[in-house]
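First the structure, in the form of structure tokens, and then the observations on it.
The values are calculated or read from the model by the stated rules, or taken from the named source; none is laboratory data. Only a predicted model underlies this, so the values are computations on that prediction, with no experimental measurement involved. Cβ coordinates were reconstructed from backbone atoms using ideal geometry, including for glycine residues, and neighbour counts include every protein chain displayed.
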Amino acid sequence: MRLQIIEEVTGEVSSNPVVSGWIKKDRIRAVTTGYLNSLSDEELIEKSTTDQLAAELAAIIKTELRNSNPPVGSDELEAVLNRVDTDVRMGVANGICAVTVSKGETLDILFGKIDNELKNLADETVDKYSGEVAERVTKRLDRTMAAVPCGLPVMPPHWIFTVNVWTYEIVGKYQTFTVIDNDNEVIPKPYFGHKGQRYVRQEESVYHPFKENEDGSSIAIGENTPIKFQFNGYASTIVGTGPKGVGDKLGDSTEKSVSYDDLIFEIGVNS
């Protein structure tokens, strides 16, 4: 990718008839090469997924042009530098695009692996459901699979989409969960005929309705605990590249809500 970007940027900038009289083609190549060689492979890839690579390289070349003391006024100089900025960005984009197209077969193989992984996750998920729910899940996953292309670059050419898959675990509890049976006929009530039965789940002690201890206090017969739940799943979608992922709040590969660890400890499930 370094070689492709160097040649594309050098060609774009030196083709400008005004700039070609201010700076030699070999100097443009040397400046571009020096900047790209100062980056590690990881830095080059990371900067190429955003606007940072083109912006930094354009700033270096424009500084080089200003230092060449071109025989023009300030307004004309800024107009030329704006054109140079565009030339550099086009050169960087074309260089990355050339690499992407040349590696089309490799990208197809990688996307094939992603497709297989998504299908395996889909099979595992659908196996947990049945009936109408399973049918809805299957249809949604089929639409997701159909939207995944086979390694082609998209416009603009230096931006490449990614297929992201998140696995998630949800744990929680209802502080108070109440069910009311309004058709209940067990508890008579004057005027209305009967009283609706209420079933409540919350953190509280349960006492006998009429039996008492020797000291007159109510007899505890048990503990009522809140309803707790835990389930796992996954989600997949196509997203754009960038320094921060979609829905990413903390920047870590694993993120937790504030009370997650407390609930995990309370419910007693493995995170």
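For region 68-98, filtered to residues that are among the β-branched types (Val, Ile, Thr) and surrounded by fewer than 16 Cβ atoms within 10 Å (Cβ to Cβ), the residue that is modelled with the highest pLDDT is Thr86. Annotation: of all residues in region 1-24 being charged (D, E, K, R) and surrounded by 15 or more Cβ atoms within 10 Å (Cβ to Cβ), the one that is nearest to Asn67 (Cα to Cα) is Glu12. All conditions but one from (1) touching a residue at least 40 places away in the same chain (Cβ under 8 Å); (2) within 16 Å of Leu3 (Cβ to Cβ) apply to Arg29; the one that does not is (1). Just one residue in the set Thr106, Thr63 is polar (S, T, N, Q) and modelled with pLDDT under 75; that residue is Thr106.
Confirm whether Leu65 is assigned to a helix (DSSP H, G or I) and surrounded by 14 or more Cβ atoms within 10 Å (Cβ to Cβ). Yes; evaluated as a whole, the condition is true for this residue.
The residues listed here are Glu43, Glu76; of these, the one that is more than 38 Å from the chain's Cα centre (by Cα) and either at positive phi or free of Cβ contacts under 8 Å to residues at least 60 places away in the same chain (or both) is Glu76. In region 20-60, the qualifying residues are those that are among the charged types (D, E, K, R) and in a loop (DSSP other than H, G, I, E, B), and the one that is nearest to Leu77 (Cα to Cα) is Lys24. Would region 227-250 turn up any residue that is out of contact with any strand residue (DSSP E or B) (no Cβ under 8 Å at 6 or more places or on another chain), outside the structural domain of Leu53 (by TED's automatic domain parsing), exposed (fewer than 12 other Cβ atoms within 10 Å of the Cβ) and modelled with pLDDT of 80 or more? No, because not a single residue in region 227-250 is out of contact with any strand residue (DSSP E or B) (no Cβ under 8 Å at 6 or more places or on another chain), outside the structural domain of Leu53 (by TED's automatic domain parsing), exposed (fewer than 12 other Cβ atoms within 10 Å of the Cβ) and modelled with pLDDT of 80 or more.
In region 16-25, is there at least one residue being within 16 Å of Arg89 (Cβ to Cβ), touching a residue at least 40 places away in the same chain (Cβ under 8 Å) and not polar (S, T, N, Q)? Scanning region 16-25 turns up at least one residue that is within 16 Å of Arg89 (Cβ to Cβ), touching a residue at least 40 places away in the same chain (Cβ under 8 Å) and not polar (S, T, N, Q). Inside region 12-38, residues that are under 38 Å from the mean Cα position of the chain (by Cα) and aliphatic (A, V, I, L, M) make up a count of 5. Per the listing Glu203, Glu223, Glu185, Glu214, the residue uniquely in contact with a Pro (Cβ under 7 Å, 6 or more places away or on another chain), over 30 Å from Asn116 (Cβ atoms) and either at pLDDT 90 or above or among the charged types (D, E, K, R) (or both) is Glu203.
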